[in-house]
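Below is one structure; the comments refer to it alone.
The values are calculated or read from the model by the stated rules, or taken from the named source; none is laboratory data. Predicted model, so just to flag it, every value in this text is computed and none were measured. Counting neighbours? That spans all protein chains shown, and the Cβs are built from the backbone with ideal geometry, glycine included.
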Amino acid sequence: MTVDELDQLLRDRFDLGRDDLIAALKALPAHRPWATQLTAAEAQLLDDAGFTEDPGAYAETAADVTAHMGRIYSTAYTAAEVAMGLGVNDSRVRQRRLNHTVWAIDDGGTWVYPSLQFDTVHNGRDSLTLKYVRGLDRVLPHLLPRGLHPTSVAGFLLTPQSELLIDGQPKSVREWLLHGQPVEPVLNLIDVADWAAT
């Protein structure tokens, strides 16, 4: 496979560039199969219960997470874009990142800001105005200090929740907040996850 072929496959299959893929791969934990090996008795017990090994499962999961991370990186804004889009200075963006009221991820030593926390408003041809999703500044301080993987944070914000119903339909946290709904049910979801994890 040539470099051009790889670039074309990345674009066709995942809509990613090579830099996005590299950033996504760096965000994945290292695969160390020896660190999780089972004893022969443990493996036999799992096999007997129907939990047989699926060699393609890890590759499929890793490809899915890598593609998801690549999309998060490829659509993220730089700190300068966030500052300009929100109409604030760089130090205010940095302050919000440090107090977890805005979500940032490390992109090789540079902070980038996933776009899903913003509602984008285009003003004119080259002008971009960002509007922060109302209520996320109250949700993120409960979520981000947990050290969750970016795909977990994105999943929490984008997956429809049965507890967040609008017109009888489950909505994601992002949709819920964009519809002007109260923040408390979202905070309750985080509290329930805390309780379930203990």
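The stretch 31-103 holds helices (runs of 4 or more DSSP H) entirely within its bounds, and those carrying 3 or more residues that are of a type outside the set (G, A, S) and modelled with pLDDT of 95 or more map to 90-98.
Scan the stretch 140-168 for residues that are in a strand (DSSP E or B) and not hydrophobic (A, V, I, L, M, F, W, C) and the total you get is 3. Within the bounds of the stretch 164-171, is there any residue that is closer than 23 Å to T101 by Cβ and modelled with pLDDT under 95? Looking through the stretch 164-171, none of the residues is closer than 23 Å to T101 by Cβ and modelled with pLDDT under 95.
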